Amino acid sequence: MRSFQLPGRSTAYGANGMCASSTPASTLAAIDMLRRGGNAIDAAVTASAVLLVSEPHMTGIGGDCFALIGRADGTVTGINASGRSAAAANEDWLRASGLTEIAGNSVHSVTVPGAIDGWDRLLRDHGTVSLGEALQPAIEIAEAGSVVTPRLAADWTEKVDKLSGDAGATRHYLKDGRAPALGEVMSYPAFARTLRILAEKGRDAFYEGELAESMVTCLKDAGSLLTLDDFAATSADYVDLISTTYRGNEVLEIPPSGQGITALVMLNILKRFDMDRFAPDSVERHHLQIEAARLAYELRGRHVADPDIADVPVEHLLSDELADRLAARIDMKTAIADIPAAVGPRFSNTIYLCVVDKDRNAVSFINSVYAAFGVGIATPDSSIMFQNRGSCFVAEPGHPNCIGPSKRPMHTIIPTMTRVEGRVTMPFGVMGADYQPMGHAQVLLNMAVYGMDVQEAIDYPRFFPDPHSHVTGLEQGVPEPVASALADLGHSVVRAGAPWGGGQGIVIDWDQGTLAGGSDPRKDGMALGY
């Protein structure tokens, strides 16, 4: 339990239902849905829709989503609602293009948005309300306006130049050419009309109807290969989850094309060490977690890709033999010197939320346009901002994650969930692109090894070895003696210029019949129960 004499926030508690999300408006919308009788799936989609207008740089219907759904009987279902590249993005095109990477500002980084198809599938298969009902709170806020919160205001100011480069983005996401100020009300009339079309006509309007035509026309004008056929072919997939067990917690992740396997590899390595010997703020804890991360991310860069097209050796990556070999490489006296630099993503913008209802349905839900405001292109009429998720591809023929026809890129957004003795105990997630597997492992260690509650575990100072540069960024809360000692071990360390991601989690206490939620102070959100 935190000291009440120090700044901080208390863990939220409730008994009947709870939501933790990255803005107050989305959390409240989810709670309203639960109190009206909706279930956790209804509330999660409702909250995600509100985030479209309360945190528009982080998420959008022009992006993708993933979700885990846990039931009171312990079963957990996973869905991959990420979109694919153009069918025409073949090897001949890549060779003729001369591209050596799929840059984040390139129209070729735009993949078909999968989120709306995923939302629709989740509601049809697991919800109790229609897509139109789930969208209604977002429509009302888009029309009336959403108040700009502190983190949103700070982030938005940094993206004015990006938005100014596109007429649709300028029209719908700037105010007189500037970012809206803290406390200012920002309305989205064109986007409200788009949501009304979806509410009235359903997901088909997005993938085959007027909205699809609007998006394809906009993208074609910018040079994209995407067609109406690519949009019409979109389909979310239920997936078989992957897992490992750490300190009695079964940790469930979406399989590749997601990077959740990276977190599992890290946890498998750390199982080989007696973490109880080291304090949470010790140099040894930091060193071990950094080295485990560096080894796991190197494997991610080599192997994680679309399993429908590439051979991803999941069983090998999760094997005890590999974990033993990787753990043996870690020297407590010096940093590993010969880990290759990674290729791939470098962005860090996402929303994550979780919901638990009175029947103990639990949802771990993540939605993203990848970089802040995605690729920076928005449809001029319907104001749909496109993701640049395709920049997670590489442009190296023969690589498992090379861009190819109708292919999903390696994906950074990863919801997770834990089970103990067959019961779902916690939906949680940590935002921040590359950082997310590191965040999953850190929250688990904070709780399972160091006894922190969910809010303390999320709050705790973060650190992250950039897999591209092997420079470890330390948040301000990491003690200076730890930073100095890590440098002495051979780690390249710097103070991070921004916090590492965000995060939310809800713990289900089956014995007391209560819920405990945490929400990351690195963002504007909150956990709320009733």
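Annotations for the structure displayed:
- Placing one equal scatterer on every Cα of the range 81-144 and applying the Debye formula, the log10 ratio I(q)/I(0) at q = 0.22, 0.28 Å⁻¹ is -0.93, -1.17.
- Overall Cα dimensions of the range 266-395, principal axis frame, Å, largest first: 59, 47, 31
- Our note on the geometry: Cα centres of the range 456-530 and the range 231-269, 21 Å apart.
- For the range 269-277, 3J(HN,Hα) computed residue by residue from phi via the Karplus equation (6.51, -1.76, 1.60; θ = phi - 60°) reads 5, 5, 4, 7, 10, 8, 5, 4, 5 Hz, glycine and proline entered as x.
- Cut-off under 5 Å, modelled amide H: who pairs with T472 long-range: D466, S492, V493, V494
- Taking the DSSP bridge list for the range 431-530 and keeping only pairs wholly inside it, about 70 percent are antiparallel.
- Taking a ≥ b ≥ c as the square roots of the eigenvalues of the alpha-carbon gyration tensor, the range 21-171 is classed oblate because a/c is 1.5 or more while a/b is no larger than b/c.
- A simple packing score, the average count of other Cβ atoms within 10 Å per residue, orders the peptides 450-458, 484-492 as 450-458, 484-492, with the highest score first.
- Distance from the Cα centroid of the range 380-423 to that of the range 122-157 is 22 Å (rounded to whole angstrom).
- Between M452 and M447, the built amide H atoms are under 5 Å apart, and every one of these is 5 or more places off in sequence or on another chain.
- Listed values for the range 305-320 are Karplus-derived 3J(HN,Hα) couplings in whole Hz (6.51 cos²θ - 1.76 cosθ + 1.60, θ = phi - 60°), namely 6, 6, x, 6, 10, 9, 8, 9, x, 4, 4, 5, 5, 9, 6, 5, and x replaces Gly and Pro.
- Computed helical MRE - 222 nm, the chain, DSSP H runs ≥ 4 contributing -39500 (n - 2.57), nearest 500: -10500 deg cm²/dmol
- Residue-by-residue Karplus 3J(HN,Hα) for the range 246-255, coefficients 6.51, -1.76, 1.60, Hz, glycine and proline x: 10, 6, x, 9, 7, 9, 9, 9, 5, x
- Reciprocal of mean inverse Cα separation for the range 390-502 (Kirkwood radius, Å): 16.3
- Taken over the range 184-282, the alpha-carbon convex hull comes to 249 cubic angstrom per residue.
- Amide H contacts for A371 (H built 1.01 Å from N in the peptide plane; partners 5 or more residues away or on another chain; cut-off under 5 Å): N388.
- Chymotrypsin sites (Phe, Trp or Tyr not before Pro) restricted to the range 102-209 and DSSP loop, no more than 12 other C-beta within 10 Å: none
- Over the chain: Rg over Rh, Cα atoms, Kirkwood Rh: 0.95
Read the figures in this text as sums done on the coordinates, not as results from a lab. Keep in mind the model is a prediction, meaning the values are calculated, not measured. Every residue, glycine among them, receives a Cβ derived from its backbone with ideal geometry; neighbour counts consider all protein chains shown.
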